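Peer 1: What follows is a single structure, and I will ask about it in a moment.
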Amino acid sequence: MSSTAGGETTQTGATSPAGRMGFKAGMVVQELGWDSDTDDALRIAIEDVLDADMVDGDYGNVVDAVVLWWREEDGDLVDGLVDAITDLVGGGVIWLLTPKVGRPNAVAAADIAEAAPIAGLSQTTTATVSKDWAASCLVAPKTVD
């Protein structure tokens, strides 16, 4: 059996890419950096799991997670990450999606490892979620209530 659209585990133990990224129904996820080269199948899978559309940069409210599409040509990664934190809830995650190594505008893993702590984020994991895009999970510090 294969994974379901909602990311639930099936008899084979597989999950959808959106499920591996930890998305669940009811979460508010902000998408930044969308362009014509992004993976529409992954975007649809995420929205299917959320049972809602991802919100854009104009949302103006707190979000549970951010999907940030980033390419080498997009400029300074630290600036992009700092901008992505703006609406992110304390302890929320940023899924940084970059073109895989060998593809145009790929971002070096060392650049991500250097930029994340400067932006106040911790890199926790990577995931295979797309044929052309690599995913790195960056976590924001938890806020103290």
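Peer 1: Whether any residue in region 134-145 is more than 22 Å from residue 15 (Cβ to Cβ), exposed (fewer than 15 other Cβ atoms within 10 Å of the Cβ) and at pLDDT 95 or above is what I want to check.
Peer 2: Checked region 134-145: no residue is more than 22 Å from residue 15 (Cβ to Cβ), exposed (fewer than 15 other Cβ atoms within 10 Å of the Cβ) and at pLDDT 95 or above.
Peer 1: Follow-up question, since we're still on this one. When you scan region 134-141, do you find a residue that is more than 14 Å from the chain's Cα centre (by Cα) and touching a residue at least 12 places away in the same chain (Cβ under 8 Å), even just one?
Peer 2: yes
Peer 1: Do we find that residue 113 is buried (at least 22 other Cβ atoms within 10 Å of the Cβ), within 16 Å of the chain's Cα centre (by Cα) and not basic (Lys, Arg) in this structure?
Peer 2: The answer is no for residue 113.
Peer 1: Collect the residues in region 79-95 that are more than 20 Å from residue 22 (Cα to Cα) and of a type in the set (Asp, Glu), keeping them in residue-number order.
Peer 2: 79, 83
Peer 1: If you don't mind, another one. With at negative phi, surrounded by fewer than 21 Cβ atoms within 10 Å (Cβ to Cβ) and in a strand (DSSP E or B) as the only criterion, which of 124, 98 stands out?
Peer 2: Just a single option satisfies the conditions, and that option is 124.
Peer 1: Within the group 93, 67, which residue is touching a strand residue (DSSP E or B) at 6+ places or on another chain (Cβ under 7 Å), surrounded by 13 or more Cβ atoms within 10 Å (Cβ to Cβ), in contact (Cβ under 8 Å) with a residue 40 or more places away in the chain and outside any loop (DSSP other than H, G, I, E, B)?
Peer 2: Within the list 93, 67, the selection yields 93.
The values are calculated or read from the model by the stated rules, or taken from the named source; none is laboratory data. Note that the coordinates shown come from a computational prediction; the quantities given were computed from them, not determined experimentally. Using ideal geometry, Cβ is built from the backbone for each residue, glycine included, and neighbour counts are taken over all protein chains shown.
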